[in-house]
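I have placed the structure first, in the form of structure tokens, so that the comments after it can refer back to it.
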Amino acid sequence: TSRAQHSAIPATDASDKQAREQEAAIRREEQRVVQELAARDREVRAHEAAHLAVGREYVVSGPSYTYQQGPNGRNYAIGGEVTLDVSEEDKPQSTLDKAETVRRAALAPAEPSAQDRQVAARAAQMAAQARVAIAVERRDAAQTNQSGESETTRSAQPFDMSVQTETAQQVNVYA
């Protein structure tokens, strides 16, 4: 009986050792997962903070986060969102200023997402439209100024065909 008891002890030690090794492997895997989640959490929060820092005046909501629970029971941010106002303003120059700020805010993170790039493209399109509107306003203002000056010039001077031709050419330059 002494031998049977003696041989059972090493088997128990072996199974205990195997169980401890499995537990240690699980703890190492859990630690690895927690480290990855913690790194992702930092990355997501920095990404959304970059949007906030640049686009603060046009932030509608956020940041809001999507969480995943780690093996340690803690929640880690694995996704995030900041909503920016991309509507046009009343004046083209205000729209241009806003569009440029929104574009910078969308591209502010070190690694912009596909959604960030879409928002930046929308803002760039809005900026281009605002630039066209500004150019039209300037052209219209220049034409109004020229027609006002032309009327003054005509009433102050006798009729001269060269002045009329010159004025017609200038108008065509802006058309």
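The values are calculated or read from the model by the stated rules, or taken from the named source; none is laboratory data. Quantities reported herein were computed from a predicted structural model and do not represent experimental measurements. Cβ atoms come from the backbone with ideal geometry, glycine included; neighbour counts cover every protein chain shown. Side chains are part of the model used for accessible areas, which takes the heavy atoms of the whole protein and leaves out ligands, DNA and RNA. Shrake-Rupley method; radii C 1.70, N 1.55, O 1.52, S 1.80 Å.
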Here the residues within segment 64-117 that are touching a strand residue (DSSP E or B) at 6+ places or on another chain (Cβ under 9 Å), farther than 22 Å from ALA53 by Cα and not in a strand (DSSP E or B) are GLY70
Among the residues in segment 31-48, are any over 21 Å from ARG131 (Cα atoms) and either among the polar types (S, T, N, Q) or modelled with pLDDT under 95 (or both)? yes
Within the group GLU30, GLU23, which residue is in contact (Cβ under 8 Å) with a residue 12 or more places away in the chain and of a type in the set (D, E, K, R)? GLU30
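Tell me yes or no: at least one residue of segment 7-29 is under 36 Å from the mean Cα position of the chain (by Cα), open to solvent by less than 100 Å² (accessible area, probe 1.4 Å) and modelled with pLDDT of 85 or more. First the steps, then the outcome.
Filtering segment 7-29 for residues under 36 Å from the mean Cα position of the chain (by Cα) gives 29.
In the following step, the residues that additionally are open to solvent by less than 100 Å² (accessible area, probe 1.4 Å) were identified as 29.
Subset that is modelled with pLDDT of 85 or more: 29.
Yes, because at least one residue in segment 7-29 is under 36 Å from the mean Cα position of the chain (by Cα), open to solvent by less than 100 Å² (accessible area, probe 1.4 Å) and modelled with pLDDT of 85 or more.
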Scanning segment 39-59 for residues that are touching a residue at least 12 places away in the same chain (Cβ under 8 Å), among the hydrophobic types (A, V, I, L, M, F, W, C) and over 14 Å from SER113 (Cβ atoms), the one most open to solvent (accessible area, probe 1.4 Å) turns out to be ALA53
Suppose we keep only residues that are open to solvent by 30 Å² or more (accessible area, probe 1.4 Å) and of a type in the set (Gly, Ala, Ser) within segment 70-98. Which one would you say is nearest to ARG40 (Cα to Cα)? GLY80
Scan (1) on the phi > 0 side of the Ramachandran plot; (2) open to solvent by 90 Å² or more (accessible area, probe 1.4 Å) for the single condition GLY62 breaks and write down its number. (2)
